[in-house]
């Protein structure tokens, strides 16, 4: 019997295998990113601890499991997040040897404003341990396009799959990091081909996950992971709505990468709307 030769895996299949293997290597390597670089010096030295892991914990571990149950006479929290004064964008990042692909510099995208409103603010209710069901869609995307990671800020629930999409003609070593963890949750290598790399590791537990490139300074994105559905990301005008909230008293939390975290007590009444106006101070 003649056995036909094995065909090499397709490009997408290779990408899937790579995504499954890399997080295990990171976990065994104590966060060392040096072994994953391609022709460029990594920003992390062997054995170094990523600074994001030592930062303040923005989204902490819950004290008790979240329970799905019917919510009678649910209310909602709605409002606007504004800035006390304008935030100046950071200086454009030089791209160095990748200028042929990315241009000489990449503009800062940390601040999204419309009027006085501030977009890309993660807003959530702390203390809700029972309520409406989690979203049915448990899949998000982090996309590298035109040398920028998009969306800059998004939120999801635990158990979500993260599809990492690459379109740029340069190599990136993306790491998913959350303060309080002992190492990277996942590491993904994007090469010079169109790729779709799935991984479920970044959203296994609650936390504010920072996505950054170990070899380039500017690619950055944020994924807030919750074990409950009471969260939102503000629109460019700063507006947000969190609905289906059981009546009660909670703490409304808000976080932006240029302001840090702030909090405010709120009380949600039966069938009522609690209006909230949050003003943040930039840095």
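Key figures for this structure:
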quantity: Per-q log10 I(q)/I(0), the stretch 182-283, q = 0.12, 0.18 Å⁻¹ (Debye; single scatterer per alpha-carbon; no solvent); calculated: -0.58, -1.06
quantity: The stretch 227-283: relative contact order as a whole-number percent, Cα under 8 Å and 6+ apart; calculated: 26
quantity: Segment residue 261-residue 167, extension gain: residue separation times 0.36 nm, minus the distance between their alpha carbons; calculated: 30.6 nm
quantity: q = 0.15, 0.22 Å⁻¹, the stretch 155-224: log10 I(q)/I(0) [Debye, one scatterer per Cα]; calculated: -0.46, -0.96
quantity: Net length gained if the chain between residue 126 and residue 67 were fully extended (0.36 nm per residue, minus Cα distance); calculated: 19.8 nm
quantity: Mean separation of Cα contacts under 8 Å, 6 or more apart, over the residue count of the stretch 146-210: relative contact order %; calculated: 40
quantity: Antiparallel bridges, percent of DSSP beta bridges restricted to the stretch 53-184 (to nearest 5); calculated: 50
quantity: Contact order normalised by residue count of the stretch 92-203, Cα under 8 Å, 6+ apart, percent; calculated: 21
quantity: Shape of the stretch 70-228, Cα gyration tensor, a/c cut at 1.5; calculated: oblate
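Bear in mind these aren't lab numbers, they're just calculated from the coordinates by the rules spelled out. As the structure is a computational prediction, the values presented were derived from the model and not from experiment.
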